[in-house]
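Asks: I'd like to ask you about the structure that follows.
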Amino acid sequence: MKVTGSGQILGAAIDGLDLSRPLADDELDALIGALGRYGVLRFPRQRLDARQLADFSARFGKLEINVANAYQEPGIPEVMTLSNIVENGRPIGLADAGQGWHTDMSYSRTIAFANVLYGIEIPMRGGKALGGTEFASMHAAYEDLPEEMKRDLEDMTILHDFEKFWESMREKGSKRPPLTEAQRKTKPPVSHPVFLAHPITGLKVLYANPGYPVRINELPPKESEKMLAYLFEHQLRPKYRYAFHWTPGDVLMWEDIGTIHNAIADYGQHEHRLIKRCQVMADRFFGDA
Ligand SMILES: [Fe+2]
């Protein structure tokens, strides 16, 4: 197994590893180390079925089962389909997942550790792959914050609300219906520290993202609003950013605690995209609520 850094702030390619086979313990350790160092990993030229994708992903933690939608793999609910393909009048996957900056599951008591995506069909235009994902490093964003702000925010917490991102997607024209009362009850807002010690690197990261945070609990509303606006702008400075572009057969894996991401919406309805996804919870690092 060979790890080659992208030379940018995030990103590395992992060659010489067949993810359809069981992962050895030392390989798992090496991959966790690489996730800490590079945040975003590409495994080129993979051939996986849904079961193999779930088995690989489950080595990193408990897999989330997304109850909110119908695009689960038959018999393997941990695997979800992300796609804009419509067959016999019915969408086969969630079409607009993750369009807008966020980190997955920050609205959840047990936050996400990692995402594993398998790129089966990738839209192409003029030889260029579309539907990539942009990332930003929250290790670097924390590091650069003014010392005074690091001190002030050290013991503060942010309230994260699932509905914020959901509604922002609807405002951008997504066809998803408003959350029902029952859905809202299963996803009440939760608080997490503004800064987390990253479970792999031990370094502090800014655990904020424009997608879900609605307020800083310890500040008056006006100040909270100003501070969040500052953090959202700060964390997206170009120097923290890295863009991943697909080649079909890639497995893309990233860790969600030290990065935030944005699914690039640069392809049309008839430029087909088909991705299988698993979401790994951070239960092995932060306990399972
Ligand atoms: Fe996401």
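Read-outs: derived from the displayed coordinates by stated rules, not from any lab. In this text, all values refer to a predicted model and were calculated from it rather than measured experimentally. When we count neighbours, we look across all protein chains shown, and the Cβ atoms used for this are built from the backbone with ideal geometry, even at glycine.
Asks: Taking the Cα centre of the chain as origin, work out the dipole magnitude from +1 charges on Lys and Arg Cβ and -1 charges on Asp and Glu Cβ, in debye rounded to 20. Display every interim value, and only then the final one.
Replies: Numbers: 34 positive and 39 negative charges, 134 e Å.
I would put it at about 640 debye.
Asks: Collect residues whose amide H, placed 1.01 Å from N in the peptide plane, falls under 5 Å from the amide H of T259; neighbours closer than 5 in sequence don't count.
Replies: For T259, the qualifying residues are M138.
Asks: Kindly provide the trypsin sites (Lys or Arg not before Pro) of the stretch 94-152 that DSSP labels as loop, not H, G, I, E or B, and whose Cβ sees at most 16 other Cβ atoms within 10 Å.
Replies: R109
Asks: Set the Förster distance to 41 Å, then compute FRET efficiency between R37 and K128 from the Cβ-Cβ distance, nearest 0.05.
Replies: Computed FRET efficiency for R37 and K128 comes out at 0.90.
Asks: Oh, and also: Could you compute the net charge surrounding D144? Neighbours are other residues with a C-beta less than 14 Å from the C-beta of D144; K and R count +1, D and E count -1.
Replies: Once all neighbours under 14 Å are counted, the net charge is +1.
Asks: Take every Cα pair under 8 Å in the stretch 2-282 that's 6+ residues apart, average their separations, divide by the length, and report that relative contact order as a whole percent. Walk me through the numbers on the way to the answer.
Replies: Numbers: 586 pairs, mean separation 96.5, N = 281.
In percent, rounded to a whole number, it is 34.
Asks: Based on alpha-carbon positions alone, could you give the equivalent ellipsoid semi-axes of the stretch 14-53 from the gyration tensor, as √(5λ), descending, whole Å?
Replies: Taking √(5λ) for each Cα gyration eigenvalue gives 18, 12, 9 Å.
Asks: Want the number for R176 to F285: 0.36 nm per residue separation, take away the alpha-carbon distance, what's left?
Replies: Gain on extension, R176 to F285, equals 36.0 nm.
Asks: Something else: Figure the gain on full extension for A30 and K239 (residue separation times 0.36 nm, minus the Cα-Cα span) and round it to one decimal in nm. Walk me through the intermediate numbers first.
Replies: Working: separation 209, 0.36 × 209 = 75.24 nm, distance 2.68 nm.
Once the chain is fully extended between A30 and K239, it gains 72.6 nm.
Asks: Give or take rounding to whole Å, what are the principal axis extents of the alpha carbon atoms in the stretch 176-255, in descending order?
Replies: 45, 33, 25
Asks: I'd like the Karplus ³J(HN,Hα) series for the stretch 98-109: coefficients 6.51, -1.76, 1.60, θ = phi - 60°, whole numbers in Hz, and an x wherever there's a Gly or Pro.
Replies: Result, ordered by residue: x, 7, x, 5, 6, 10, 5, 6, 5, 7, 10, 4 Hz.
Asks: What's the local net charge at V214, with K and R +1, D and E -1, over the other residues with C-beta under 10 Å away?
Replies: Here the charged neighbours net out to -1.
Asks: Using DSSP to call loops (not H, G, I, E or B), can you name the GluC sites (Glu not before Pro) in the stretch 101-186 whose Cβ has at most 16 other Cβ atoms within 10 angstrom? Write down the numbers at each step before the final one.
Replies: Numbers: sites: E121, E134, E143, E147, E148, E154, E163, E167, E171, E181; in loops: E154.
Here the GluC sites (Glu not before Pro) that fit, given the DSSP loop and packing criteria, are E154.
Asks: Something else now. Residues with amide H under 5 Å of T110's amide H, sequence separation 5 or more or different chain, H placed in the peptide plane at 1.01 Å from N; which?
Replies: A289
Asks: Same structure, new question: So what J values fall out for the stretch 203-214 if you push phi through Karplus, 6.51 cos²θ - 1.76 cosθ + 1.60 with θ = phi - 60°, rounded to Hz, Gly and Pro as x?
Replies: Going residue by residue, I get 8, 7, 10, 7, 9, 9, 7, x, x, 10, x, 10 Hz, with x marking Gly and Pro.
Asks: Below 8 Å between Cα atoms, with a sequence gap of 6+, how large is the relative contact order for the stretch 64-179 in percent?
Replies: It rounds to 13 percent for the stretch 64-179.
Asks: Given axes a ≥ b ≥ c from the Cα gyration tensor, I'd like to know whether the stretch 1-84 is rounded (a/c under 1.5), prolate (a/b larger than b/c) or oblate.
Replies: Taking the square roots of the gyration eigenvalues as a ≥ b ≥ c, the stretch 1-84 is prolate.
Asks: Stretch E121-T157 to full length: gain in nm at 0.36 nm per residue minus the Cα-Cα span?
Replies: Here the answer is 9.0 nm.
Asks: Using θ = phi - 60° and the Karplus curve 6.51 cos²θ - 1.76 cosθ + 1.60, what whole-Hz ³J(HN,Hα) does each residue of the stretch 114-124 get, with Gly and Pro shown as x?
Replies: The phi angles translate into 8, 10, 10, 10, 10, x, 8, 10, 10, x, 10 Hz.
Asks: Over all directions, the average projected area of the alpha-carbon convex hull for the stretch 2-282 comes to how many nm²?
Replies: Over every viewing direction, the Cα hull of the stretch 2-282 projects on average to 15.3 nm².
Asks: Something else about it: Would you mind checking which residues have amide H under 5 Å from Q99's amide H? H placed 1.01 Å from N; only 5 or more apart, or other chain.
Replies: Here the answer is A263, since their amide H atoms fall under 5 Å of that of Q99.
Asks: Ok, one more. Give a quick list of trypsin sites (Lys or Arg not before Pro) in the stretch 157-202 that DSSP marks as loop, anything other than H, G, I, E or B, with at most 13 other Cβ atoms within 10 Å.
Replies: K172, K175
Asks: So if I take the centroid of the Cα atoms in the stretch 91-166 and the same for the stretch 210-285, what is the distance between those two points in Å?
Replies: Using only Cα atoms to place each centre, the spacing works out to 2 Å.
Asks: Hey, another quick one. Mind scanning K164/K185; K150/K226; K185/K222; K185/K276; K2/K204 and naming the pairs with a C-alpha gap bigger than 20 Å? Write down the numbers at each step before the final one.
Replies: Values: K164/K185 14 Å; K150/K226 16 Å; K185/K222 27 Å; K185/K276 28 Å; K2/K204 28 Å.
In this structure, K185/K222; K185/K276; K2/K204 exceed 20 Å between Cα atoms.
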